[in-house]
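Visitor: Before I ask anything, let me first share the structure, which is written out below as structure tokens.
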Amino acid sequence: MLREVAMLGAFVPSLLLYFLAAIPLFLVFDKLTSHLGFYRFVWHPALARFALFVCLLSGLVLLSGP
């Protein structure tokens with residue numbers, strides 16, 4: 001994982017970039033899982049959506065490692 005990235009003359013944490021990259025992935029996976037009816041089988045759909053986003057975010061961070 002990168003430590004920090006210079007954007008427009010300011011240093012931002014790399015986690016922000018991973019967060020911004022995970023949002024479109026989440027929207028695609030969320031649309032797919034809701035279309036397939038996955039959220040009807042979970043106890044708390046909002047919690048399942050949050051867990052999906054966290055899994056995507058952590059997957060991006062782990063894939064970018066050395």
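Visitor: Considering each residue of the range 22-64, count those that are surrounded by 14 or more Cβ atoms within 10 Å (Cβ to Cβ) and closer than 23 Å to Glu4 by Cβ, and give that number.
Guide: At the first step, the residues of the range 22-64 found to be surrounded by 14 or more Cβ atoms within 10 Å (Cβ to Cβ) are 22, 25-26, 29-30, 33, 38-39, 45, 48-49, 52-53, 56-57, 60-61.
When the remaining residues are screened for being closer than 23 Å to Glu4 by Cβ, the result is 22, 25, 53, 56-57, 60-61.
Qualifying residue count for the region: 7.
Visitor: Another one. Looking only at residues that are within 21 Å of Gly65 (Cα to Cα) and among the hydroxyl-bearing types (Ser, Thr, Tyr) in the range 1-55, which one is modelled with the highest pLDDT?
Guide: By that ranking, first place goes to Tyr18.
Visitor: Another one. Within the range 1-21, can you find the residues that are in contact (Cβ under 8 Å) with a residue 24 or more places away in the chain and either loosely packed, with under 12 Cβ neighbours inside 10 Å or outside any helix (DSSP H, G or I) (or both)?
Guide: If the condition is that a residue be in contact (Cβ under 8 Å) with a residue 24 or more places away in the chain and either loosely packed, with under 12 Cβ neighbours inside 10 Å or outside any helix (DSSP H, G or I) (or both), then Met1, Leu2 are the ones that fit.
Visitor: Then there's this: Pairs needed: first member in the range 39-66, at positive phi; second member anywhere, open to solvent by less than 80 Å² (accessible area, probe 1.4 Å); C-beta distance under 8 Å; at least 6 residues apart or different chains.
Guide: none
The values are calculated or read from the model by the stated rules, or taken from the named source; none is laboratory data. Quick caveat, the model's predicted, so the values are computed rather than measured. With ideal geometry, Cβ positions are generated from the backbone for all residues, glycine too; neighbour counts draw on all protein chains shown. All accessible areas refer to the heavy atoms of the entire protein, side chains included, with ligands and DNA or RNA removed. Shrake-Rupley method; radii C 1.70, N 1.55, O 1.52, S 1.80 Å.
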